[in-house]
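Reviewing the structure listed below.
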Amino acid sequence: MQAIVLVGGEGTRLRPLTFGTPKPMVPIMNVPFLARTLERLYEAGIRDVILPAGYMPQAITEYFGDGSRLGMKITYVIEDEPLGTAGAIKNVEQHITGPFFVLNGDVLTSLDLQAMIDFHKQKGGLGVLHLITVEDPSAFGCVVHDENGRISQFVEKPPKGSEPTNDVNAGTYLLDPKVLEMIPPGRNVSIERETFPKVLADGHTLYAYTTNDYWIDLGRPEHYLSAHRDILTGAMPLRLEPGISGPGAAAVRNNPNLVAPLFIGEDVSIDPHAKIGPNVVLGDRCSIGANAQLTDSVLWDNVTVEEGARMDEAIVASGARIGASARIGRGSVLGHDVVIEPGAIVPEGGRVGPAAPISA
Ligand code: GTP
């Protein structure tokens, strides 16, 4: 079995983080998210992975190389222009040899891929789509199906109150190569809006595989923070020690000012009078000064927080420096190498960072 992981999006909703790091390389608990996805594929026995990329592809190719370090074969296909979710799949057609998975590159889920393969074997059809049931489907792609799982309709982002179902597309598909014949080549095509409806219109069958797995789309800052909170609290299973975890945990466990759950990277320096937690992730080589206060926040590598600075529900990209006594308002996102002057105030929901990609 092969897998295509879609990693070519610009990740506009995660800016300014994605000006310096493409979304698949954004860290989850200090490790690029794509590494977590590849681990899941490996665990399901999948060794042959195709990555259609386009936005900052070097960051991805340099980190993963040919995949041999992970015991996998990775093939990159770089798009000159974004081809959309189905166009990107059509563009890698020459590498497809049989039924294949397609994974959105920004979905964190506990879905059992092997169980999905078994479901497909039992049901047949041209493909299986993973669905989850949500309370408010208006922001998602609704997928209408009967009790057998047979899909009859796709309704993208229906207005509130007119949703035909609470079951929504969760961004993992298992497809027969015949689907490739239904994607026009050489242009931008959306699998959700165009290809899946065409498969049905041509008289083929798609099945819904609805589960109550943990699922979150990391594409928005608030979801990115929720995902970390869920991992830290155990709501999303991710083989993590409870309490204070991470490679730097042992060195700081006796500090009474730390409130679990926390994840501490390598070579982190924490002043004994800093107050950290709950739900904080510190990347490698972060430095936290005296009386600084951090709650519900994720700091990437090499972030310095000087004495008395405070932040709550913030995301801070690598290399940033928060000056003494600065206040970082709830929900703020600070980009790579940002410097916040001592005493400065970043308002709630603030976005501080470069106005364009740092490197192409
Ligand atoms: P936003 O700009 O914030 O909407 O993010 P995005 O560009 O990543 O788009 P979206 O979240 O809708 O994409 C879902 C998945 O498809 C992500 O894993 C993207 O990387 C991927 N993707 C979206 N568009 C393309 C494309 O044109 N080419 C490729 N190869 N992947 C894409």
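In the chain, helices alone account for a calculated mean residue ellipticity at 222 nm of -5000 deg cm²/dmol, with every DSSP H run of four or more residues adding -39,500 (n - 2.57).
Taking the alpha-carbon centroid of each part, what is the distance from segment 124-181 to segment 218-296 in angstrom? Using only Cα atoms to place each centre, the spacing works out to 36 Å. Net charge in the neighbourhood of Lys123 (other residues with Cβ under 15 Å of its Cβ; Lys, Arg +1, Asp, Glu -1) is -2. With a cut-off of 11 Å between beta carbons, the residues surrounding Arg229 carry a summed charge of -4, where Lys and Arg count +1 and Asp and Glu -1.
Report the residue, chosen from Gly161, Gly246, Gly65, that carries the largest GNM mean-square fluctuation when the chain is represented by alpha-carbon nodes joined by springs under 10 Å. Taking springs between Cα atoms under 10 Å, the residue moving most is Gly161. For the chain, a Gaussian network of Cα nodes joined below 10 Å ranks Thr75, Thr12, Thr97 by mean-square fluctuation, and the top entry is Thr97. Neighbours of Arg330 by Cβ distance under 9 Å: Lys/Arg scored +1, Asp/Glu scored -1, total -4. Of the beta bridges in the chain, as assigned by DSSP with both residues counted there, near 30 percent are antiparallel. Using the beta-carbon distance between Glu307 and Arg220 and R0 = 41 Å, what value does 1/(1 + (r/R0)^6) give for FRET efficiency, to the nearest 0.05? For Glu307 and Arg220, the calculated efficiency is 0.80.
The chymotrypsin sites (Phe, Trp or Tyr not before Pro) of segment 5-102 include none that meets both criteria, a DSSP state outside H, G, I, E and B (loop) and at most 12 other C-beta atoms within 10 angstrom of the site's C-beta.
Among the GluC sites (Glu not before Pro) in segment 33-117, none is located in a DSSP loop while being surrounded by at most 12 other Cβ atoms within 10 Å of its own Cβ. Taking label points 7 Å from Cα along the Cα-to-Cβ direction, Asp66 and Asp213 give a separation of 3.0 nm. Computing FRET efficiency as 1/(1 + (r/R0)^6) for His95 and His204, where r is the C-beta to C-beta distance and R0 is 25 Å, gives about 0.65. Would you mind calculating the relative contact order of segment 121-173 from Cα pairs under 8 angstrom and at least 6 residues apart, reporting the percent as a whole number? It rounds to 46 percent for segment 121-173. Ranking Ser245, Ser318 by solvent-accessible area of protein heavy atoms (1.4 Å probe, all protein chains present), from largest to smallest, gives Ser318, Ser245. Cα-based values for segment 75-186, radius of gyration first and Dmax second, are 15.0, 43 Å. For the residues Gly277, Gly234, Gly127, a GNM of the chain with alpha-carbon springs under 10 Å puts the largest fluctuation on Gly234. The residues of segment 67-213 expose, per residue, 45 Å² of accessible area to a 1.4 Å probe. Look at the alpha carbon pairs under 8 Å that are at least 6 residues apart: their mean separation over the length of the chain gives a relative contact order of 14 percent. Taking the convex hull of the alpha carbon positions in the chain and averaging its projected area over all directions gives 17.9 nm². List the longest stretch of the chain that has no exposed loop site; here a site is one of the trypsin sites (Lys or Arg not before Pro) assigned by DSSP to anything other than H, G, I, E or B, with at most 10 other Cβ within 10 Å. Within the chain, the longest run free of exposed trypsin sites (Lys or Arg not before Pro) spans 1-159. Can you give the relative contact order of segment 93-236 as a percent, counting alpha carbon pairs under 8 Å and 6+ residues apart? Result for segment 93-236 is 35 percent.
Within straight-line reach of Lys123, meaning a Cα separation under 21 Å, sit the following lysines at least 8 residues removed in sequence or on another chain: Lys178, Lys198.
Length gained on full extension, Tyr42 to Ala324, computed as 0.36 nm times the residue gap minus the Cα-Cα distance: 97.1 nm.
The values are calculated or read from the model by the stated rules, or taken from the named source; none is laboratory data. Source: prediction; values computed, not measured. Counting neighbours? That spans all protein chains shown, and the Cβs are built from the backbone with ideal geometry, glycine included. Accessible surface areas use protein heavy atoms only, side chains included; no ligands, DNA or RNA. Shrake-Rupley method; radii C 1.70, N 1.55, O 1.52, S 1.80 Å.
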